[in-house]
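Beneath this line is the structure, given in structure tokens, with notes to follow.
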Amino acid sequence: MSIKLSFWNVRGLNDPDKHHPFCQWLLFYKPIVGAILESHIKEVNLNRLMSKLCPSWKFATNHQSDEDGRIILIWKDPATVRVINQSRQTLTCEVVIPTCTPFIFTCVYASNLAEERSELWVELLNLQASVGLTTQPWIVGGDFNQILHHAEHSSLHVNSNNSRMHEFGDCLLQSGLFDLRFLGPVLTWMNHQPDSPIAKKLDRLLVNNLAIAAFPNALASFLPPLFSDHSPCLLDLAYPLPVAGTRPFKFLNYLTKHPSFLHVVKMAWSQAGSTSATLANLCWKLKNIKSDLKLLNKEYFSKIQERVSDINCLLQNVQVQALNSPSPQLFQEERDLHQKWLFLREIEECFFRQKSRINWLREGDLNTAYFFRICQSRASYNAIRSFVTTAGVVIQDPLEMSFLAVNHFKAVLASRACNIFSFFLHLI
């Protein structure tokens, strides 16, 4: 089942000319939960307009916090929504969908005033603490009215980060939120002024690491603005990915820390022959080594997080026994388990450090949880979710993507092979 969420700064929905294209947009993209930002619909007109624009949809607003109804949350079956918190700039709810992990969705429409946006950053951090969002999937989307980096502004005169950008970035860092990988334009707002055109990335779809874990195939798309000056965002939580083939071998750096590493490599190398006179022989020797290294990794380091946890439990049990009944045997066992636990923790850190591909500061304690979040973020970003053809057509079906990729490389490699053959034929 396709599970889609959306948000869109529509710049007012009182204008009758916007009603039909908005309804058509909902019918075409079929979100089951959506946020309408900057609706400008007064509370007295809310029921009448919503029954016209979103018949059979349920809705909630933040009119209690702002008389203009800056945020309207809409949803329909099979989604169930429970509003948790609202303010002038946010509306937070719990979303429950059958066969889907429940999650928290925060809709944001930030103020145009920098001082009020500072209050929003504090509000998000307080919301995270009060609702316990460090242990739940959290999705935050909307118009933040603030860029995060100077590259998110179209003007070349904006070439450095200012204090407002740093303040926004600090909020995201402390709350554990980051941009979900998306399709579509990077800049999401334009001023519609031909004499001095400006575009910025004001709209974002943010997630925490638990949202990535719950919805690893989620994909956001920023779409054409149509009647607004903001791009609508469509989030597909159940986006299918192409089935991967055989995973390529990747040398894991922590294998070198195993005492038998050099012996395993030496034995595998010698068993495949003492010398490699041809490239084929060298490939064969490397293949043998890969097989032995895979076995070494599987035997001693597979499911490294579980191994670290299990050893830690054993260590704690032995420590309690040693305190209750001190003996040379228990003290020695405690020492051995402690050394093994430290070793496996180091292996775990090396594993996530290599996967995250970030520079590690050697100061402070191990920060495996941080590496794990970075790995999840990178995995989301590295997944190939669509192709754009030379004609500008977006291909998202996994089978069509596979067919397109195979044909592309066949054409490229075939043409190169012909060129090489022609080159050598010319030499003869």
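Values quoted throughout were computed directly from the atomic coordinates according to the rules given, and no laboratory measurement underlies them. Keep in mind the model is a prediction, meaning the values are calculated, not measured. All Cβ positions, even for glycine, are placed from backbone atoms using ideal geometry, and neighbour counts span all protein chains on display.
Quick one: plug the Kirkwood hydrodynamic radius of the stretch 1-55 (C-alpha pairs) into Stokes-Einstein at 37 °C, 0.692 mPa s, and report D in µm²/s. If you can, show how the numbers build up before the last one.
Details: Rh = 11.8 Å.
Roughly 278 µm²/s, to the nearest whole number.
Which residue fluctuates the most in the chain, going by a Gaussian network model with Cα springs under 10 Å, if the choices are Leu37, Leu223, Leu234?
Leu223
To the nearest 10 degrees, how steep is helix 43-53 against the longest Cα principal axis of the chain, on a 0 to 90 scale?
Taking the Cα atoms of the chain, the angle to 43-53 is about 70 degrees.
Count neighbours as other Cβ atoms within 10 Å of each site's Cβ, and list the GluC sites (Glu not before Pro) in the stretch 54-138 that are DSSP loop with at most 14 such neighbours.
Details: sites: Glu67, Glu94, Glu115, Glu116, Glu119, Glu123; in loops: Glu67.
Hits after loop and neighbour filter: Glu67.
Under a 10 Å cutoff between Cα atoms, tell me which one of Lys410, Lys298, Lys76 has the largest fluctuation in the Gaussian network model of the chain.
Lys410
Can you tell me how the stretch 4-236 classifies by the Cα gyration tensor, rounded, prolate or oblate, using a/c under 1.5 as the rounded cut? Don't skip to the answer; put the middle values down first.
Numbers: a/c = 1.43, a/b = 1.09, b/c = 1.31.
Rounded, because the longest to shortest axis ratio a/c is under 1.5.
Quick one, which of [x] 104, 52, 43; [y] 71, 49, 44; [z] 86, 83, 46 is the actual Cα extents along the principal axes in Å calculated for this model?
[z]
Once the piece of chain linking His166 and Arg335 is laid out straight, how much longer is it, given 0.36 nm per residue of separation minus the C-alpha distance between them?
Separation in residues times 0.36 nm, less the Cα-Cα distance, equals 56.2 nm.
Percent relative contact order of the stretch 1-123, based on C-alpha pairs within less than 8 angstrom and at least six residues apart?
Relative contact order of the stretch 1-123: 19 percent.
For the chain, set up a GNM with springs between Cα atoms under 10 Å and report which of Phe251, Phe409, Phe182 has the largest fluctuation.
Phe409
Return the long-range amide H neighbours of Asn9 (sequence gap of 5 or more, or a different chain), with a cut-off of under 5 Å between placed amide H atoms.
Under 5 Å from the amide H of Asn9 lie the amide H atoms of Leu37, each far enough along the sequence or on another chain.
What are the ³J(HN,Hα) values, in whole Hz, obtained from phi via the Karplus relation 6.51 cos²θ - 1.76 cosθ + 1.60 with θ = phi - 60°, for each residue of the stretch 310-322 in sequence order, with x given for Gly and Pro?
So the Karplus estimates, Gly and Pro as x, are 5, 5, 5, 5, 4, 4, 5, 5, 5, 4, 5, 4, 5 Hz.
Please determine, in degrees from 0 to 90 and to the nearest 10, the orientation of helix 328-356 with respect to the longest principal axis defined by the Cα atoms of the chain, where the helix direction is its Cα long axis.
Its long axis makes an angle of about 60 degrees.
Based on the Cβ-Cβ distance from Thr80 to Leu399, what FRET efficiency comes out when R0 is 25 Å, to the nearest 0.05?
Numbers: r = 34 Å, r/R0 = 1.35.
Efficiency computed from Cβ-Cβ geometry: 0.15.
So what is the 222 nm mean residue ellipticity for the chain from helices alone, if each DSSP H run of at least 4 adds -39500 (n - 2.57) and you divide by all residues, rounding to the nearest 500 deg cm²/dmol?
Numbers: 11 runs with 190 residues, N = 428.
After summing the helix terms and dividing by residue count, I get -15000 deg cm²/dmol.
Once you list every other residue whose beta carbon is under 14 Å from the beta carbon of Ala114, what net charge do they have if Lys and Arg are +1 and Asp and Glu are -1? Walk me through the intermediate numbers first.
Numbers: positive: Arg117, Arg164; negative: Glu115, Glu116, Glu119, Glu167.
Computed value for this residue: -2.
If amide hydrogens are placed 1.01 Å from N in the peptide plane, which non-local residues have theirs closer than 5 Å to the one on Ile395?
So Ile395 has HN proximity to Phe387, Val388, Thr389.
Taking every DSSP beta bridge with both residues inside the chain, roughly what % is antiparallel (nearest 5)? Please report the intermediate quantities before stating the final value.
On the way: 42 of 55 bridges.
Of the beta bridges lying entirely in the chain, close to 75 percent run antiparallel.
Please provide three numbers in whole Å: the alpha-carbon extents of the stretch 74-118 along the principal axes, with the largest listed first.
41, 17, 13
Of all beta bridges DSSP finds with both residues in the stretch 4-236, what is the antiparallel percent, to the nearest 5?
75 percent
For the stretch 129-258, with equal point scatterers placed on the C-alpha atoms only and solvent neglected, what are the log10 I(q)/I(0) values from the Debye formula at q = 0.11 1/Å, to two decimals?
-0.54
Would you mind counting up the charge near Ile347? Only other residues with Cβ under 14 Å from its Cβ, with Lys and Arg at +1 and Asp and Glu at -1.
Values: positive: Lys257, Lys298, Lys303, Arg307, Lys340, Arg345, Arg353, Lys355; negative: Glu299, Glu306, Asp310, Glu346, Glu348, Glu349.
Here the charged neighbours net out to +2.
Nearest 10 degrees, 0 to 90: what angle lies between the long axis of helix 16-29 and the longest principal axis of the chain (Cα atoms)?
Computed tilt is about 30 degrees.
Enumerate the aspartates and glutamates that Lys200 could reach by cross-link, defined here as Cα to Cα under 17 Å, with residues fewer than 8 away along the same chain left out.
Once the sequence-local aspartates and glutamates are set aside, what remains near Lys200 is Asp143, Glu152, Asp179, Asp229.
Relative contact order of the chain, please, whole-number percent, based on alpha carbon pairs below 8 angstrom and at least 6 residues apart. Don't jump to the answer; show the numbers that get you there.
Values: 603 pairs, mean separation 49.3, N = 428.
Relative contact order comes out at 12 percent.
How many nm is it between the label spots at Gln64 and His157, if each spot is 7 Å from the Cα in line with the beta carbon?
4.4 nm
Short version: ³J(HN,Hα) in whole Hz for each residue of the stretch 72-78, in order, from phi by Karplus 6.51 cos²θ - 1.76 cosθ + 1.60 (θ = phi - 60°), x for Gly and Pro, what are they?
10, 9, 10, 7, 9, 4, x
Over 28 Å between Cα atoms: which of Lys30/Lys410; Lys18/Lys76; Lys303/Lys410; Lys287/Lys355 fall into that group?
Details: Lys30/Lys410 37 Å; Lys18/Lys76 21 Å; Lys303/Lys410 38 Å; Lys287/Lys355 23 Å.
Violating the 28 Å limit, Cα to Cα: Lys30/Lys410; Lys303/Lys410.
When the Karplus curve 6.51 cos²θ - 1.76 cosθ + 1.60 is applied with θ = phi - 60°, which whole-Hz ³J(HN,Hα) does each residue of the stretch 223-238 get, with x for Gly and Pro?
10, x, x, 6, 7, 9, 9, 10, 6, x, 10, 10, 10, 9, 6, 10
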